[in-house]
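Take a look at the structure set out below.
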Amino acid sequence: GADGTAKAQLAAEFAVNALPASILVIAPHEDDEHSYAGLIRAAVEAEVPVRVVILTGGDVGECERYYFKPCGPNEAREFGMVRMEETAEAVEHLGLNRSKLSILGLPDGGSGEIWFHHIKASDPFLSIYLASDHAPYTNVVKPNLLYAREAVLAELERLIADFHPALIATAHPDERHVDHRTTAWFTLKACQELLRQNQISPGTIVLADQAYGAGGYKAAPYKYEPAPVHLSGEAAAMKQEMSWIYQSQDGNLSEGTKKSLDELPRREM
């Protein structure tokens with residue numbers, strides 16, 4: 001002011017991260033990529049190539065609540081498409097073109113059965129919710145992908161090898177949700193096979209989202225180190241706004257519990 005007193009204050013907030021040359025996020029369900037929203041946004045801002053892969057179609061989670069009735073196969077497929085569109089809009093909100101999103105369309109909650117009991121393409125898993133033993137969606141990366149471990153691994157290996165990421169961010173192998181821990185198993189198994197074939201670098205970094213709890217399962221035999229990703233205020237705000245897009249997954253509740261800029265977390269672990 002004219003008398004020399006401060007009338008306003010303007011601050012710019014920055015976040016600095018040591019980013020790799022390229023990043024691939026592999027998540028279990030539509031909305032699980034939200035755990036890495038800050039990392040994705042940091043990559044977009046730094047013009048680091050980034051891709052997102054979602055393993056399941058999310059056909060079960062909150063389907064009955066969405067339709068206000070028990071879900072049959074038609075509703076489950078439609079609900080899966082709703083969730084896929086939400087994730088496409090969510091990554092676009094972070095500045096990532098939806099063409100960088102790939103979805104396999106595995107059955108929600110069925111990853112464990114595929115991993116343990118349906119190895120060969122000749123014996124795919126039959127999802128009772130989708131009434132299908134293959135991905136019944138046209139907007140997935142490989143339509144009609146069989147619900148068999150070898151088929152899923154082959155497609156995941158192709159996606160990883162084609163992009164050749166320097167860093168892979170995925171779910172935690174000790175997570176209590178079967179699709180989360182199985183996503184980690186699929187990812188690590190694909191990496192091991194590609195490494196054996198010299199198709200990825202042995203220096204490829206793998207990050208696991210912090211586990212919510214193993215749920216009584218034996219812990220995976222890995223040693224972990226904390227890997228923080230720092231968020232600017234703008235990135236933290238975009239991550240919060242991104243959560244509102246998942247209206248089929250309590251996005252309206254997230255809107256109702258909106259946090260101020262000062263309250264938003266400034267790092268991902």
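For the range 42-73: of the residues being charged (D, E, K, R) and in contact with a helix residue (DSSP H, G or I) (Cβ under 7 Å, 6 or more places away or on another chain), which is nearest to A184 (Cα to Cα)?
Per the criteria, the residue is R51.
Restricting attention to the range 216-233, which residues are surrounded by 12 or more Cβ atoms within 10 Å (Cβ to Cβ) and closer than 19 Å to I205 by Cβ?
A220, Y222, Y224, A227, V229, H230
State whether one or more residues within the range 54-71 are at pLDDT 95 or above, open to solvent by 10 Å² or more (accessible area, probe 1.4 Å) and not in a strand (DSSP E or B).
no
Kindly provide the set of residues from the range 1-23 that are surrounded by fewer than 23 Cβ atoms within 10 Å (Cβ to Cβ) and touching a residue at least 12 places away in the same chain (Cβ under 8 Å), ordered by number.
If the condition is that a residue be surrounded by fewer than 23 Cβ atoms within 10 Å (Cβ to Cβ) and touching a residue at least 12 places away in the same chain (Cβ under 8 Å), then E13, F14, A15, V16, N17, L19, P20, A21, S22 are the ones that fit.
If I go through the range 242-269 residue by residue, how many of them are exposed (fewer than 11 other Cβ atoms within 10 Å of the Cβ) and assigned to a loop (DSSP other than H, G, I, E, B)?
Here the count works out to 2.
Within the range 72-85, track down each residue that is open to solvent by less than 20 Å² (accessible area, probe 1.4 Å) and within 16 Å of the chain's Cα centre (by Cα).
Once the filter is applied, which keeps residues that are open to solvent by less than 20 Å² (accessible area, probe 1.4 Å) and within 16 Å of the chain's Cα centre (by Cα), the range 72-85 yields G80, R83, M84.
For the range 139-179, give me the residue count where each residue is part of a loop (DSSP other than H, G, I, E, B) and among the charged types (D, E, K, R).
4
Return yes when H118 is at positive phi and either in contact with a Ser or Thr (Cβ under 6 Å, 6 or more places away or on another chain) or open to solvent by 20 Å² or more (accessible area, probe 1.4 Å) (or both) and no when it is not.
For H118, the condition - at positive phi and either in contact with a Ser or Thr (Cβ under 6 Å, 6 or more places away or on another chain) or open to solvent by 20 Å² or more (accessible area, probe 1.4 Å) (or both) - is not met.
Given I128, I200, which one is free of Cβ contacts under 8 Å to residues at least 60 places away in the same chain and surrounded by fewer than 21 Cβ atoms within 10 Å (Cβ to Cβ)?
Of the residues listed, the single one that is free of Cβ contacts under 8 Å to residues at least 60 places away in the same chain and surrounded by fewer than 21 Cβ atoms within 10 Å (Cβ to Cβ) is I128.
I need every pair where a residue in the range 220-232 that is touching a residue at least 12 places away in the same chain (Cβ under 8 Å) has its Cβ under 8 Å from the Cβ of a residue that is among the hydrophobic types (A, V, I, L, M, F, W, C) and open to solvent by 100 Å² or more (accessible area, probe 1.4 Å), sequence separation at least 6 or different chains.
Matching pairs, first to second residue: H230/V16; S232/F14.
Pull up the range 178-196, narrow it to residues that are open to solvent by 10 Å² or more (accessible area, probe 1.4 Å) and within 14 Å of the chain's Cα centre (by Cα), then point me to the one that is farthest from L104 (Cα to Cα).
Among residues in the range 178-196 that are open to solvent by 10 Å² or more (accessible area, probe 1.4 Å) and within 14 Å of the chain's Cα centre (by Cα), the one farthest from L104 (Cα to Cα) is R181.
From (1) more than 19 Å from G110 (Cβ to Cβ); (2) touching a helix residue (DSSP H, G or I) at 6+ places or on another chain (Cβ under 8 Å); (3) modelled with pLDDT of 95 or more; (4) of a type outside the set (A, V, I, L, M), pick out the condition that doesn't hold for D174.
(3)
The values are calculated or read from the model by the stated rules, or taken from the named source; none is laboratory data. Every value quoted in this text rests on a predicted model; they were computed, and no experiment measured them. As a convention, Cβ positions derive from the backbone with ideal geometry for all residues, glycine included, and neighbour counts pool all protein chains shown. These accessible areas exclude ligands, DNA and RNA; they are computed on the full protein's heavy atoms, side chains included. Shrake-Rupley method; radii C 1.70, N 1.55, O 1.52, S 1.80 Å.
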